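These notes concern the structure reproduced below.
The values are calculated or read from the model by the stated rules, or taken from the named source; none is laboratory data. The model shown is predicted, which means the values in this text are computed figures rather than measured ones. Cβ placement follows ideal geometry from the backbone for every residue including glycine, while neighbour counts extend to all protein chains displayed. Surface accessibility is based on the protein's heavy atoms, side chains included, excluding ligands, DNA and RNA. Shrake-Rupley method; radii C 1.70, N 1.55, O 1.52, S 1.80 Å.
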Amino acid sequence: MFPAKCDYYRATSAAEAIDLLGRHDNARLLAGGHSLIPMMKLRLCEPAALIDIGRLEELRGVSENDIGDNALRIGALSTHTEIATSETLRTRCSLLAEAARQIGDPQVRNKGTIGGNIAHADPASDLPAVLVALGATIHILGPNGERSIAAPSFFTDLLTTALEPNEIVTTIEVPVAPPGSGSAYLKVEHPASGYAVCGAAATMTIEGSSCTAASLAFNGVAATPVHAEAVTAALAGTAADDSAFRAAVDAHLEIAEPLGDLHASGEYRVALAKVYGRRALEKARDRALS
Amino acid sequence: MSVKIEVEVNGTRHEREVDPRLLLVHFLREELSLTGTNVGCETSLCGACTVKMDGLTVKSCTQLAVQADGASITTIEGLSPEGELHPLQQAFWDEHGLQCGYCTPGMILAAEGLLAVNPSPGESEIRESLKGNLCRCTGYHNIVKAIQSAAKGGA
Ligand SMILES: Cc1cc2nc3c(=O)[nH]c(=O)nc-3n(C[C@H](O)[C@H](O)[C@H](O)COP(=O)(O)OP(=O)(O)OC[C@H]3O[C@@H](n4cnc5c(N)ncnc54)[C@H](O)[C@@H]3O)c2cc1C
Ligand code: FES
Ligand code: FES
């Protein structure tokens with residue numbers, strides 16, 4: 001099993017990658033290759049040219065935002081291993097590190113990148129809902145310069161994003177977890193592939209014993225990440241106890257078009273989302289209090 | 001199109017013109033005749049093709065040879081000097097960590113990758129780190145024992 005014939009160009013800068021995308025028909029960016037190469041081997045995708053951005057150091061690494069100390073910038077080419085083991089992320093945005101650690105296996109994490117993960121936009125991926133729950137911003141570079149998109153607007157459909165053909169994700173900006181907050185990513189993984197059948201990402205800020213702010217989003221249950229804003233709106237200002245979480249999830253979690261396939265029906269995924277959404281909120285609260 | 005690449009494999013530099021679609025595992029097996037690295041599933045799941053690339057384990061069926069240009073690669077053949085067994089190889093032998101042996105090169109490279117960052121892993125850490133490596137024979141039990149024993153010996 002091997003890919004169809006294609007040409008190969010290695011970009012030496014993000015600007016050159018955009019230029020190369022514009023100059024070659026049916027060209028695809030190649031980052032870690034861990035979504036693209038499997039698809040090429042199955043001939044589900046036959047690009048005429050690969051533009052390898054895998055060595056662009058300018059797009060790699062986790063650093064603190066120079067605009068202030070309440071946001072972190074993550075280069076699109078940072079690998080899942082780099083994100084899972086980053087001390088900065090583990091202490092200041094642990095939700096992302098916790099989710100990255102649950103991706104695939106060590107070999108996959110050593111090669112796969114956050115930029116490739118979100119650009120591929122597989123509904124069963126682990127990072128999309130995490131970025132939605134965090135309120136992350138995706139920074140993009142294209143032929144007409146830079147632009148930024150809020151994570152919920154980035155994912156537009158199954159395997160489809162707001163990226164234009166010649167654009168490239170350069171960095172992902174995530175807010176630092178505020179004091180008194182906690183977060184959790186819980187995943188029901190497919191036993192063979194390891195991808196998410198349902199993944200629940202939650203954050204919560206606690207004052208005294210009440211929840212002052214929370215967010216909740218799901219992978220795997222619909223074509224794009226499900227942002228359960230109605231659930232967390234109902235929780236704001238209420239006592240952060242298990243019964244309140246259960247009531248809010250039962251009353252307000254709506255998944256308009258649940259995804260169903262041979263592994264799990266839509267109905268089952270909705271049932272999973274209710275249970276794991278509740279558990280993720282509980283764990284986020286427990287961590288906020290600890 | 002063919003692309004010139006230079007790769008160091010087990011300490012030896014190789015220069016080749018390759019088709020961009022050539023997978024790293026086929027480069028190793030067919031261009032360099034290093035057939036210790038096996039191809040199992042071809043779909044990124046079994047880990048039989050695991051090698052170390054610039055110090056990190058990767059599945060060589062899911063990398064293009066062109067991506068390895070400039071890299072330093074270790075395959076099972078390069079883990080220990082000719083005629084000697086690496087402590088992990090010895091431990092797999094001693095603890096019966098293999099039966100048919102098909103998964104073994106990948107298992108040992110994956111284990112070496114674990115011990116490089118975590119020299120004395122617990123059983124659950126070992127099992128978790130082998131998530132990307134499948135064995136159809138042993139039931140994993142003796143593989144875990146072999147890695148524990150190699151770790152105790154300071155592999
Ligand atoms: C065995 C296996 C198990 C896996 N399990 C999981 C899992 O449990 N959870 C999970 O979330 N993922 C999983 N993955 C997917 C993995 O996370 C991929 O690494 C990731 O989805 C793609 O990242 P990449 O760097 O490999 O991208 P590539 O495969 O190189 O690219 C993917 C797509 O994104 C585009 N692209 C890449 N980078 C950019 C960029 N900077 N800007 C714009 N477009 C870009 C490419 O053109 C391509 O279309 C698994 C993969 C494998 C092989
Ligand atoms: S052959 Fe590469 S993972 Fe199975
Ligand atoms: S020993 Fe036969 S597959 Fe592992």
Past 19 Å, Cα to Cα, is the threshold; run B:Lys59/B:Lys145; A:Lys5/A:Lys41; A:Lys111/B:Lys4; A:Lys187/A:Lys274; A:Lys111/A:Lys187; A:Lys187/B:Lys59 against it and keep the listed order.
-> B:Lys59/B:Lys145; A:Lys111/B:Lys4; A:Lys111/A:Lys187; A:Lys187/B:Lys59
Partner chain Cβ atoms within 10 Å, averaged over the residues of A:1-11 - can you pull that number for me?
-> 5
How far is helix B:141-152 tilted, in degrees, relative to the longest principal axis of the Cα atoms in chain B, given as a value from 0 to 90 rounded to the nearest 10?
-> 90 degrees
Relative contact order of chain B, pairs being alpha-carbon contacts under 8 Å that are 6 or more residues apart, as % | 24 percent
At 25 °C and 0.890 mPa s, the Stokes-Einstein diffusion coefficient in µm²/s for chain A, with hydrodynamic radius from the Kirkwood sum on alpha carbon pairs, is 127 µm²/s
Note to self: Kirkwood Rh of the range B:87-152, Cα pairs, one decimal, Å, is 11.3 Å
Reachable aspartates and glutamates, given that their alpha-carbon falls under 17 Å from the alpha-carbon of A:Lys283 and they are not under 8 places away in the same chain | A:Glu98, A:Glu207, A:Asp241, A:Asp242
Once you average over the residues of A:54-60, how many Cβ atoms of partner chains fall within 10 Å of each Cβ?
-> 1
Relative to the compact-globule estimate 2.2 N^0.38 Å (N residues), the Cα gyration radius of the range A:171-290 stands at a ratio of 1.05
After finding the eigenvalues of the alpha carbon gyration tensor for the range B:24-155, what semi-axes result from the square roots of 5 times each, listed largest first in whole Å?
-> 23, 15, 14
Per residue of B:21-28, what is the mean number of Cβ atoms on other protein chains within 10 angstrom of that residue's Cβ?
-> 3
Leaving out ligands, DNA and RNA, calculate the buried accessible area for the pair A and B with a 1.4 Å probe, summed over both sides, in Å² to the nearest 100.
-> 2600 Å²
Would you mind telling me the share, in percent, of accessible area of chain B contributed by carbon and sulfur at probe 1.4 angstrom?
-> 48 percent
Cα-based Rg of the range B:3-78 per 2.2 N^0.38 Å, rounded to two decimals?
-> 0.96
Using 0.36 nm per residue, how much length does the chain from A:His263 to A:Asn70 gain when fully extended, once their Cα-Cα distance is taken away?
-> 65.5 nm
